[in-house]
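*Asks:* One structure is given below, represented as structure tokens, and several questions about it will come after.
Readers should treat all values here as calculations from the given coordinates under stated rules, not as data from a laboratory. As the structure is a computational prediction, the values presented were derived from the model and not from experiment. Every residue, glycine as well, gets a Cβ built from its backbone with ideal geometry; the counts of neighbours run over all protein chains shown.
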Amino acid sequence: MPPAVYQKSDDSEQLICKTLLVKDSPLTITAIVVQGGMKVMQRELFMVQKVKCDGCATNIREGLLALPNIDSVEVEVSTGQVAVQGPQLSRENLVEKLAALGYPEVQSP
């Protein structure tokens with residue numbers, strides 16, 4: 001997938017988004033370039049087990065949002081996909097937290 005670049009018309013902010021494949025797992029890194037500095041955001045995607053209802057999704061969101069450096073958590077109940085966004089994410093820590101919450105990551109065959 002080619003990198004996507006978005007630039008606001010007032011030139012005050014530029015959004016650069018690249019999707020990389022890291023250890024067979026998609027990782028999206030978004031860099032928001034603001035006048036005078038840069039804020040780098042990561043987006044990690046997970047496929048997890050045992051997501052059965054909106055209550056499960058709420059448990060996942062609340063559990064992950066309690067961790068430092070987490071800006072947003074999206075949970076798709078029908079697929080078990082969890083998307084986490086924030087600066088300096090640790091995939092290993094997120095996998096451990098998901099498992100501790102009762103939603104282990106689906107292992108690749």
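*Asks:* Quick check: net charge around Asn93, other residues with Cβ under 13 Å of its Cβ, Lys/Arg +1 and Asp/Glu -1? Display every interim value, and only then the final one.
*Replies:* Details: positive: Arg91, Lys97; negative: Glu44, Glu92, Glu96, Glu105.
Spelling it out: positives minus negatives among the neighbours equals -2.
*Asks:* How many nm separate the modelled label positions at Ala83 and Ala99, each set 7 Å beyond the Cα in the direction of the Cβ?
*Replies:* Placing both labels 7 Å along Cα→Cβ, they lie 2.6 nm apart.
*Asks:* Continuing with this model, one more query. Subtracting the Cα-Cα distance from 0.36 nm times the residue separation, let me have the gained length for Leu45 to Leu65 in nm, one decimal.
*Replies:* Details: separation 20, 0.36 × 20 = 7.20 nm, distance 1.50 nm.
Here the segment from Leu45 to Leu65 would lengthen by 5.7 nm.
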